[in-house]
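> This is the structure, below, for whatever I ask next.
The values are calculated or read from the model by the stated rules, or taken from the named source; none is laboratory data. Owing to the predicted nature of the structure, the values given are computational and were not obtained by experimental measurement. Positions of Cβ are backbone-derived with ideal geometry, glycine not excepted, and every protein chain shown enters the neighbour counts.
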Amino acid sequence: MHLPSWNVLIQVTIIGLLTGGVYALMASGLTLIFGVMRVINVAHGAFLIFSAYISYWMFTTYGLDPFLSIIVSVPVLFTLGVLFQRYVLSRVKGDPGLGVLLTFAMALTLEGVMGSLWESTGRSIRTSYTSKVIPVVLSPDLTLRLPWVRVGGLVAAAIALAAIYLLLQKTNLGRAIRATIQNRSAAQLMGVNVESVQALTFGLGLATVAGGGALFSLIWTFNSGSHEEWISKMLSIIVLGGMSSLPGTFIAALIMGVTESVSAVVMTSYLSPIVFYLILFLVLIFRPQGLFGTRIREG
Amino acid sequence: MMKSKVWHLLISIMVLSLLITACGGAAATEAPAAPAEPAQPAAAPTDEPAAPAPTEAAPAAPITIGASLPLTGRFSEPGTAAKQGYETWAAIVNENGGLLGRPVELYIVDNASDQDTAVADYEKLITVDKVDLVVGPFSSFLVIPTSEVAARYGYAFVEPAGGAPDVFNRGLTNIFFAQPAPGSQQAIPFTDFLLALPDDQKPKTFAVVSQDDPFTLGVMDGVKEALTAGGMELVFDEIYAPETTDFSSIAIQVADLDPDLIVGGTQLEDSIGQIRAYQEAGYQPRIAFFTTGPSLPVPFKEGLGSATEGVFAAISWFPQAEEYQNADMVAKYLEMFGGNESDIPEDVANAFTVGQVLQQAVENIGSVDNAALIEELHKGPFQTVVGPLSFNELGQPQGSFMLLQWQGDSFAIVGPGDRKRSDPIVPKPEW
């Protein structure tokens, strides 16, 4: 335990918040998919890395900025999601365990495909604004240095999450999705085409991860095996948030971003993941449904 | 109904996989006989064992050489380079009449950077594929467990990239580390250079930020010892998990302490991650050194652009070196794998060195008998692309690394002594 200065603490807290925003976008699709399908999409991390590769590929081949590469990656991932749910996952709808196994198989397949397409070298994208910062002078001896890519990441994540929120609240598809999350059988009885809703939700979930992947490619280095570490991070976030709650995911992602970066300076970076899990355990002891979750009554 | 279908599927998969393993086993037993057993004659060029007799002058049975390399996973970059190095060496040997008049055949398998897989691979290469010789994988992390397997079967283990202290302190006599010096000594040219700087240029404080890996930690221990003994103060010392990708928290702390010198114990991705995070945190060291990373020119430059300027690292080899067979190796490599001369990774040369050492030792004893080979390897010196190489009784090489510094679009050799091609830049420009 070393005691860092206030300057350091403030800096890392801000960085943690910015990073948490990007985590939120990355994990939001996982929440949606679990909410509607009751299937944990273990391939979510692999889809994240896959879309990061799409951004990398568009950047190195056409010089397209990763923020713009979502024009390509969002439709591609949306289509992949719809097809995967429609023709693969829906075949095992009676058995969520088998569904998880299928998504795991999908993760391994994607890892192999990515490894052969882009080799397993660590990739990174370096744009003109990589490593550039926005200095914010708070006091004579405290200047916050906000990295462009993370500020951009947070703004993009906020826009994307707001769009999803509006979609869920204001459109018929959104109402259908929410109805399916609350009670699938009742929704079906009310005339909701649950099959289509599920396919669209899976597509939507992957579309959000496409956005997350573009931001990811700007901030971190990645290779085809990176997904294993990130899926566990995203799963922890949605468990803390309450599994199918979008606001819960957002708050949990911020908590993870901040605890990671703050505990890395208060303790060591090696121990920092433990702190988040301690919080997770404590919350689960007192609120087994997570921060924003509702207790599920399976009928 | 559904259940029975699943069962049918499962059973057919099991039957299929049994069939496949059975075929694999059968095919493998046709591989050359075990050299460790007396059954295999120590094949002198004239003494041809009973090969199925073709019509013309019977082509000699190949000498098989096995290796398990990290072709995927976190060591994939250097692992793939090592594979290319082995293949380049084998191609040159085979074009020049082979080894002891027999063609060389490589058995290279992928261990996905996983220790257990690597151990199982060598076990299989030796006992099932019955290769004549084995050569090592990339990095101490994989060399340590796999060298035990080779030792158990009495195989010589010349390896390209395992130089951590733990490689040599287990009482094994079959290991030969084919780089100019053990990894833990990698930074010695750098620390010597620092300690020889005039007092007004010498750093007063330094930070060490290292990945938790036996290779990097070994190098870092050497650096800390040499620099603290030289009167410099270690102000920050951090070890992070290998899978760490985000270095902002570390960088903010380092920036707050603002040491004169930063020493990074890195592979590739983390060297890029660290430097980007230091840039973001506004940390401008006067001198910077990273272990692996700067010596892999293409991805390092791709990830960092002009921020590479002035960064130091150590290297055992470079493409223009005028050492034994180096020009041949470079030409052959470019013919086989394309690319530019300056993009050939150091790991290619390290693997090629393994081949050169093995070749000369085998030719000296005139057989592939591993016991005799181990004895011969301890004698040396052998001519290699990294200069003349000999080994002490622990298998540690007796030589020194070169000090490199990034200057412009690539790196220059700035030490030690007579190997220097350019003058070092101190302090380095801002990144």
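> Being in a helix (DSSP H, G or I), among the hydrophobic types (A, V, I, L, M, F, W, C) and touching a strand residue (DSSP E or B) at 6+ places or on another chain (Cβ under 7 Å) is the filter here, so list the residues in segment B:115-150 that pass it.
B:ALA118, B:LEU125, B:ILE126, B:VAL143, B:ALA150
> Now, a different point. Mind checking which residues of segment B:137-152 are crowded, with 24+ Cβ neighbours inside 10 Å and among the aliphatic types (A, V, I, L, M)?
Those that are crowded, with 24+ Cβ neighbours inside 10 Å and among the aliphatic types (A, V, I, L, M): B:LEU142, B:VAL143, B:ALA150.
> Turning to a different aspect of this structure: With segment B:295-385 as the region, which helices (runs of 4 or more DSSP H) entirely inside it contain at least 3 residues that are within 14 Å of chain A (Cβ to nearest Cβ) and without any contact (Cβ under 8 Å) to a residue 60 or more places away in the chain?
Ranges flagged: B:297-304.
> Right, here's the next one. For the condition modelled with pLDDT of 95 or more, part of a loop (DSSP other than H, G, I, E, B) and within 14 Å of chain A (Cβ to nearest Cβ), what is the one hit in B:GLN284, B:GLN267?
After applying the criteria, what remains is B:GLN284.
> Only one of (1) more than 14 Å from chain A (Cβ to nearest Cβ); (2) in contact with a strand residue (DSSP E or B) (Cβ under 6 Å, 6 or more places away or on another chain); (3) surrounded by fewer than 16 Cβ atoms within 10 Å (Cβ to Cβ) fails for B:ASP212. Which number is that?
Only one criterion in (1) more than 14 Å from chain A (Cβ to nearest Cβ); (2) in contact with a strand residue (DSSP E or B) (Cβ under 6 Å, 6 or more places away or on another chain); (3) surrounded by fewer than 16 Cβ atoms within 10 Å (Cβ to Cβ) is unmet by B:ASP212, namely (1).
> Identify the residue in segment A:272-299 that is surrounded by 15 or more Cβ atoms within 10 Å (Cβ to Cβ) and among the polar types (S, T, N, Q) and, among all such residues, is farthest from the other protein chains (Cβ to nearest Cβ).
Among those that are surrounded by 15 or more Cβ atoms within 10 Å (Cβ to Cβ) and among the polar types (S, T, N, Q), it is A:GLN289.
> Can you name the number of the only condition in (1) touching a Lys or Arg at 6+ places or on another chain (Cβ under 8 Å); (2) over 30 Å from A:PRO273 (Cβ atoms) that B:LYS202 fails?
It fails just one condition, (1).
> Could you please find all residues in segment A:118-141 being within 11 Å of another protein chain (Cβ to nearest Cβ) and of a type in the set (A, V, I, L, M)?
Result: A:ILE125, A:VAL133, A:ILE134.
> Does segment A:222-271 hold any residues that are at the interface with another protein chain (Cβ under 8 Å from one of its Cβ atoms) and either charged (D, E, K, R) or buried (at least 22 other Cβ atoms within 10 Å of the Cβ) (or both), and which are they?
A:PHE222, A:ASN223, A:SER224, A:SER226, A:GLU229, A:GLU260, A:SER261, A:ALA264, A:VAL265, A:SER269
> Of the residues B:ILE92, B:ILE108, which single one is in contact with a helix residue (DSSP H, G or I) (Cβ under 7 Å, 6 or more places away or on another chain) and assigned to a helix (DSSP H, G or I)?
After applying the criteria, what remains is B:ILE92.
> Could we say that B:ALA313 is crowded, with 18+ Cβ neighbours inside 10 Å, under 30 Å from B:GLN274 (Cα atoms) and not acidic (Asp, Glu) here?
Answer is yes for this residue.
> Take segment B:259-275 and flag every residue that is more than 21 Å from A:SER120 (Cα to Cα) and among the charged types (D, E, K, R).
Across segment B:259-275, the qualifying residue is only B:ASP260.
> Would you pick out the residues in segment B:195-220 that are in contact with a Pro (Cβ under 7 Å, 6 or more places away or on another chain) and over 29 Å from B:PHE75 (Cα atoms)?
B:THR205
> Are there any helices (runs of 4 or more DSSP H) wholly within segment A:142-201 with 2 or more residues that are closer than 30 Å to B:SER248 by Cβ and modelled with pLDDT of 90 or more, and if so which?
A:148-170
> Quick one: which of A:GLY29, A:GLY97 is closer than 19 Å to A:LEU235 by Cβ, buried (at least 24 other Cβ atoms within 10 Å of the Cβ) and out of contact with any Cys (no Cβ under 9 Å at 6 or more places or on another chain)?
Exactly one of A:GLY29, A:GLY97 is closer than 19 Å to A:LEU235 by Cβ, buried (at least 24 other Cβ atoms within 10 Å of the Cβ) and out of contact with any Cys (no Cβ under 9 Å at 6 or more places or on another chain), namely A:GLY29.
> Are there any pairs with C-beta distances below 6 angstrom linking a residue in segment B:229-246 that is within 15 Å of B:LEU195 (Cβ to Cβ) and more than 9 Å from chain A (Cβ to nearest Cβ) to a residue that is part of a strand (DSSP E or B) and polar (S, T, N, Q), with the two at least 6 apart or on different chains, and if so which?
B:GLU233/B:THR205
> Against the definition (surrounded by fewer than 22 Cβ atoms within 10 Å (Cβ to Cβ) and in a helix (DSSP H, G or I)), how does A:LEU102 come out, yes or no?
The answer is yes for A:LEU102.
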